[in-house]
1. R0 = 51 Å: FRET efficiency of ARG171 with SER51, Cβ-based, nearest 0.05?
2. Is segment 167-245 rounded, prolate or oblate when judged by the Cα gyration tensor, a ≥ b ≥ c being the square roots of its eigenvalues, rounded requiring a/c under 1.5 and prolate requiring a/b larger than b/c?
3. Once you list every other residue whose beta carbon is under 14 Å from the beta carbon of SER96, what net charge do they have if Lys and Arg are +1 and Asp and Glu are -1?
4. Please check which bits of segment 73-107 a label hung off ASP61 would reach, taking the label as a point 7 Å along Cα-to-C-beta and the cut-off as backbone N under 19 Å.
5. What length, rounded to one decimal in nm, is gained on full extension from LEU30 through to ARG116, with 0.36 nm per residue of separation minus their alpha-carbon distance?
6. Got the relative contact order for segment 88-219 handy, in percent, Cα pairs under 8 Å and 6 or more residues apart?
7. Test of understanding: what is the full-extension gain from ASP191 to VAL156, defined as 0.36 nm times their sequence separation minus their Cα-Cα distance?
8. How much of the accessible area of segment 122-215, in percent, comes from carbon and sulfur atoms when a 1.4 Å probe is used?
Amino acid sequence: MSEPVAISVARGRRIGELPADERPRERLALRGAAGLSAAELIGLVWGSGGSGRSSVDIAADALARFDGLTGLARAAGVELARVPGIGPARAAQLASAFELGRRLLADWPSGRWTIRAPRDVADRLILQMGRLEREELRVILLNAKNQVLRVSTAYVGNVSSSLVRVGELFRDAVRTDAAGVILVHNHPSGDPTPSPDDLHLTAEALAAGRLLDIDLLDHLVIGHDAYVSLRDRGVSFDRPGPRAA
């Protein structure tokens, strides 16, 4: 879907100096949010410009500097604050707007959702976790129908089998009487290739889940724009069957 075409705003002209039909707020009322360009939407978030430039001008410069909306969304607050015309306050506003968008996407559709495949998990969490600067380990709690009861953050820091207490991974599952769990953690490097520590942690969690009668269904590793499911990689998450007599 192509980006809506922005009305050209002359450099050095403030929003209030533009004709009424070229002002983002008026255009929003007439055309709806989908009819505005990314620069105009960001300009509305900021409200006003500075140093003789409109907020749309500043937004257009920022989009060009970071190679578009995706690059701007990934930029750190410190990077944004250094852009002429943005500063710490506007950087915080922009970061907040992007985070709201990520959370809305992760929560959609509202209500209880069902996991049928690893992609169902990745579609929800890759935007939330793919660009985190530190590792996070989250536990998805499911009922017997694989419907998600809740998602809890079990650990923040270096997700290592030597540091993570496996019992903590199942604490909320025991409290909520969950039938199964899925582990999800990110690699800040952007490469979702499972490490030996990831495999070791998975093996320990599988053993603990069998003792607690709570199924560990999968362990996903999230990268910047990709993920790896250990179940899809061939790790067995099924309970061993009874031994033949």
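1. Calculated transfer efficiency: 0.45.
2. Since a/c reaches 1.5 but b/c is at least a/b, the shape of segment 167-245 is classed as oblate.
3. On the way: positive: ARG90, ARG102, ARG103; negative: GLU99.
Net charge around SER96: +2.
4. 73, 75-95
5. Fully extending the segment from LEU30 to ARG116 adds 26.8 nm.
6. 23
7. Values: separation 35, 0.36 × 35 = 12.60 nm, distance 1.81 nm.
Working it through step by step, the gained length comes to 10.8 nm.
8. Details: 2180 of 4520 Å².
In segment 122-215, the share of accessible area belonging to carbon and sulfur is 48 percent.
The values are calculated or read from the model by the stated rules, or taken from the named source; none is laboratory data. Since this is a predicted model, take the numbers as computed values, not measurements. Glycine gets a Cβ as well: all are built from the backbone with ideal geometry, and neighbour counts include every protein chain shown. To get the accessible areas, we keep the full protein, side chains included, count just its heavy atoms, and leave off ligands, DNA and RNA. Shrake-Rupley method; radii C 1.70, N 1.55, O 1.52, S 1.80 Å.
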